[in-house]
Amino acid sequence: MVLINIIEVNEEKPMFQLFFLKEDEDQSVEVEEVEDIDASEVQRRIEQGESVFITRKNRYKLNTSLVAAEDTAEPWYFSHI
């Protein structure tokens, strides 16, 4: 079996993911996907004691699948270190 990766490019406007990490007993996490970041919302959450993590959502979608391939090499390993 061989792992094949297919990458699809999303040409839409860049999206951001905001992770709000709450200080409750369950340590809840709220995730929002937005096109524009509301700085006042982020500031309000920080003032409430939440941690905020902001990342750009990946434009690429990676699809992986296993397929049989006849030309794969025999597996090998080191017999000693």
> What is the distance, in nm, between label points placed 7 Å from the Cα along the Cα-to-Cβ direction at Ser28 and at Ser51?
Replying inline: 1.8 nm
> In the neighborhood of Glu32, defined by Cβ-to-Cβ distances under 12 Å, what is the net charge if each Lys or Arg adds +1 and each Asp or Glu adds -1?
Replying inline: -4
> What net charge do the residues around Leu18 carry, taking every other residue with its C-beta under 14 Å from that of Leu18, with Lys and Arg at +1 and Asp and Glu at -1?
Replying inline: -3
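Bear in mind these aren't lab numbers, they're just calculated from the coordinates by the rules spelled out. Keep in mind that what you see is a predicted model, and the values were worked out from it rather than measured. Counting neighbours? That spans all protein chains shown, and the Cβs are built from the backbone with ideal geometry, glycine included.
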